[in-house]
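Derivation of every value follows stated rules applied to the coordinates shown; laboratory data play no part. Computed from a predicted structure; not experimentally measured. All Cβ positions, glycine included, derive from the backbone under ideal geometry; neighbour counts span all protein chains shown.
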Amino acid sequence: MNRTALLIPHFNNPAGLCASLASIGVDEEIDVFIVDDGSTKAIIDEQVAQTAFKARGQLHFLYLPANCGIEYALNTGLEAMLAAGYQYGARLDCDDLVMPDRFAKQVKFLDANPDVYLLGSAVIFFDASGDRFTIHQPQTHQEIVRQMHDDNAFTHPTVMFRMAGVKEIGLYPLDCKAAEDFAYFWQFVARYQTANLAEVLTKSEYNDAGISMSRRRQQQAMRLKLLARHFDWRPRSALKMAKAGASYLLPLSLARQIKRILGVGKWN
């Protein structure tokens, strides 16, 4: 058993799962927990997945009896990782790709900074046409706290966290559909030191079928809920609440156009 385990939820996307597994570097020392959320249209071929995975570790396959939702798949994986006694946990989604030494770099940072419990990185978003834009998240804990009062300061497929933190905080919340990562990371930020690496360590798929696109209204509503939950009565917090409210009301096409004009992300 390795010190680190990677958690990948899966639903009807075995090709994407294999692409993600194949991107992990051959020298990485990491085990992988793949949790299938009741797939029926496209079933995991465990042998094909094993062939795609070249790193120094083991694959563990867990299967939910029916489609329950990503937060249930994530919690099933976290429970298994806690029971096994891993020191670190990491996240990735099917189709997302990692730099060959991503996990080694994150482990090195966490080993050197024992007060940091949640660590992300910069990320490139891509689609079928190629790389679209890069997101550089705030790096220091103080900057992260400020960002969290606006929007998630962590791109979820980039994160690595201490399992000791998971043991203390608990599992993903079930009352924040489509924004479970934002809600969960807030608990780390409120309790521990956190950080983001400046380097791009993950490439994340960007498509209109993803949760962030297809369930945008629900996600924006949950974002407002979380900002209200962590409201600190400062003027900046009120401003960010107003901004989130406007984002909730704006059509997606207009929101994208405004972001391009303002230079949010690096659009090709």
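Some values worked out for this structure:
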quantity	calculated
Residues Ser121, Ser204, sorted so that the one with the fewest Cβ neighbours within 10 Å comes first	Ser204, Ser121
Order of Ser20, Ser129, Ser39 under a 10 Å beta carbon neighbour criterion, fewest first	Ser129, Ser39, Ser20
Cα gyration tensor shape of segment 4-207, rounded if a/c is under 1.5, else prolate or oblate by comparing a/b with b/c	rounded
Amide hydrogen neighbours beyond the local backbone of Tyr63, cut-off 5 Å, H modeled	Asp36
Debye intensity ratio I(q)/I(0), log10, segment 126-212, q values 0.19, 0.21, 0.23, 0.25 Å⁻¹ (C-alpha model)	-0.97, -1.14, -1.29, -1.40
Gyration tensor (alpha-carbon) shape descriptor, segment 1-99, a/c threshold 1.5	oblate
Overall form of segment 157-199 per C-alpha gyration tensor (a/c, 1.5; a/b vs b/c)	oblate
Segment 4-207: antiparallel DSSP beta bridges as a percent of all, rounded to 5	30
Summed side-chain charge close to Glu168 - residues other than Glu168 whose Cβ falls under 13 Å, Lys, Arg +1, Asp, Glu -1	+3
Neighbourhood net charge (14 Å Cβ-Cβ; Lys/Arg +1, Asp/Glu -1) for Thr4	+1
Ranking of Thr40, Thr202 by count of other Cβ atoms within 10 Å, fewest first	Thr40, Thr202
Charge tally in the Cβ shell below 14 Å around Leu201, where Lys, Arg are +1 and Asp, Glu are -1, Leu201 excluded	+1
